[in-house]
Amino acid sequence: MTATSQAADYGPEENASELAKVPTEPSEGVAASETKGEEQAPVAIPEAPAPTASEAPDHGPEGNAAELTKVPTEPAEGVAASETKGEEQAPVAIPEAPAPEATKPAPPSEDVPSAPLLLTVEDVSDSSVTVSWEPPEKLGSQGLQGYVLEFRKEGASEWVPVSARPMMVTQQTVRNLTVGDKFFLRVAAVSLAGAGPPAVLDQPVHIREIIEAPKIRVPRHLRQTYLRQVGEMVNLQIPFQGNPKPQVSWTHNGHAVDSQRVSVRTGDQDTILFIRSAQRSDSGRYELTVRLETLEARAAIHILVIEKPQPPSSIRLVEVWGCNAALEWTPPQDTGNTELLGYTVQKADKKTEQWFTVLEHYHPTTCTISDLIVGNSYSFRVFSENLCGLSDSPAITKELAHIKKADIVAKLKGFVERDFSEAPSFTQPLADHTTTSGYSTQLSCSVRASPKPKIIWMKNNMNIQGDPKYRTFSEQGVYTLEIRKPSPFDSGVYTCKAINVLGEASVDCRLEVKALATH
């Protein structure tokens with residue numbers, strides 16, 4: 001007969017009385033470990049056939065206790081009293097469903113470090129960002145292995161680690177970034193137990209292009225007025241700095257440059273202002289502006305376009321007396337867009353019609369020319385002069401200056417021959433002179449002597465006769481030394497010595513040759 005057919009039929013009250021009679025000793029065939037775990041759970045007989053002790057699953061004390069609430073109070077039919085008694089020490093519980101496997105518990109908070117402190121952005125460039133932080137207050141019970149820095153782009157959900165493994169540093173740099181990137185950063189401390197809570201930046205980091213304030217570097221020769229002659233080319237190259245590339249603009253006297261006359265080309269590091277053929281209207285103040293957002297730099301360049309002046313407006317012979325003539329003239333109407341350096345006065349006698357310079361770089365508008373030769377008639381002309389040179393044409397006197405001879409009274413008593421012999425004497429000395437390098441100049445003086453003297457020219461007391469750089473000539477007692485294309489080396493004291501049988505005389509002057517200014 002099976003166990004089911006031998007089971008006794010107990011009511012609910014009888015089952016309850018049987019629970020009180022369960023012996024504390026385990027029955028045969030039940031393991032001691034199972035008994036110990038099941039001591040707190042009473043034996044419940046289910047209505048369905050119950051499995052033997054060896055077949056019953058072991059759910060532990062908690063599982064068995066839970067099953068008690070679900071065991072019916074009516075005994076199963078056909079269960080033998082002897083079998084029931086033997087199984088009272090090992091309660092049998094039938095679960096409704098298999099119990100799920102327990103998950104691994106999270107490490108206690110004492111094992112992992114706390115969040116790093118003072119996460120700060122140290123530096124941001126156009127391709128990288130550097131952050132630093134302080135160690136956490138609590139390092140965890142298992143020690144600190146390093147830090148993990150992660151970033152997340154704005155709009156993305158995934159945090160990307162900067163390095164493959166924890167780094168034992170408190171400052172890191174994220175590189176190879178792109179201008180315009182915007183992302184968040186966080187850092188967490190890591191121990192053997194795992195990573196602690198992260199410290200997160202409050203605001204996202206925005207990678208912007210680094211702004212370099214604009215700056216203009218004006219070449220030295222453009223820091224003063226830039227001179228050009230009419231028709232010459234103007235080519236100004238001005239370097240500048242700025243990042244990103246700034247906006248560049250030019251103005252002329254406060255207005256936009258005339259694109260018909262002025263060409264402007266701008267690169268990454270310089271700008272060029274070009275005028276093919278300069279005119280006087282191109283003179284003025286040119287202002288360069290380099291602007292980058294709210295920053296800007298300005299530089300002003302003054303250009304002066306000049307040309308030769310016009311001759312004096314009028315000239316007249318004021319008076320002639322003895323061997324002298326007085327002249328007067330008016331300044332030119334157009335000085336060539338620059339100031340005059342003076343006037344050059346020349347004379348010519350009617351017989352030879354050769355012009356000789358009497359005065360150079362002469363600033364007054366009146367002069368007296370002396371030591372004219374008796375019996376001759378003279379014309380005079382005046383040139384205006386500026387940085388471009390002499391005017392193309394002179395102002396010439398309309399009247400001739402006649403140097404008359406003194407009245408002679410005839411003496412009938414006879415003629416007594418007069419000895420005109422005399423030692424040399426200078427009637428017109430050499431005058432100190434200043435000239436410009438590269439332009440031929442002349443030094444002139446007049447000598448009276450009989451018989452005709454020998455003339456010797458010297459520079460710094462050294463005879464320069466025969467030097468091809470110098471040319472000497474004389475006309476009616478006026479002796480001239482021409483210096484061809486002088487240089488500053490030709491500056492010095494020049495002496496003219498006149499010698500004849502009755503004696504000698506000398507006169508000297510100082511010549512200064514200025515170097516031509518380069519642009």
ask   = When N counts the residues of segment 201-257, how does its alpha-carbon radius of gyration compare numerically with 2.2 N^0.38 Å, as a ratio?
value = 1.83
query = Where does segment 231-334 land on Rg(C-alpha)/(2.2 N^0.38 Å)?
reply = 1.77
ask   = Which whole-number value in Å² is the accessible area per residue of segment 397-517, probe 1.4 Å?
value = 67
request  = Using only the alpha carbon atoms of segment 143-288, find the Kirkwood hydrodynamic radius as the inverse mean reciprocal pair distance, in angstroms to one decimal.
outcome  = 20.4
ask   = Which of the GluC sites (Glu not before Pro) found in segment 272-334 are loop residues per DSSP with 14 or fewer other Cβ atoms within 10 Å of their Cβ?
value = 293
ask   = So what is the relative contact order of segment 119-261, in percent, for Cα pairs below 8 Å that sit 6 or more residues apart?
value = 22
message = Loop-only chymotrypsin sites (Phe, Trp or Tyr not before Pro) in segment 413-519, please: DSSP not H, G, I, E or B, and at most 10 other Cβ atoms within 10 Å.
response = 415, 420
message = What Kirkwood Rh does segment 225-282 have if only Cα atoms enter the pairwise 1/r average? Answer in Å.
response = 12.5
task = Can you tell me the order of 312-318, 235-241 when each peptide is scored by its average per-residue count of other Cβ atoms within 10 angstrom, highest first?
result = 235-241, 312-318
task = At most 13 other Cβ atoms within 10 Å and a DSSP loop assignment: could you name the GluC sites (Glu not before Pro) in segment 130-217 that fit?
result = 137, 154, 158, 209
key: Volume of the Cα convex hull of segment 372-519, divided per residue and given in Å³   = 129
query = Hey, which of these cross-link pairs are over 28 Å Cα-Cα: 138/182; 350/514; 398/485; 404/497; 347/469?
reply = 138/182; 350/514; 398/485; 404/497
ask   = Measuring from centroid to centroid over Cα atoms, what is the spacing of segment 119-166 and segment 269-327 in Å?
value = 66
For segment 452-512 and segment 167-237, distance of Cα centres in Å = 72
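The values are calculated or read from the model by the stated rules, or taken from the named source; none is laboratory data. From a predicted model like this one, the values you see are computed outputs, not experimental measurements. Neighbour counts are summed over all protein chains in view; Cβ atoms, including those assigned to glycine, are modelled from backbone coordinates with ideal geometry. Ligands, DNA and RNA are excluded from the accessible area calculation, which covers all protein heavy atoms including side chains. Shrake-Rupley method; radii C 1.70, N 1.55, O 1.52, S 1.80 Å.
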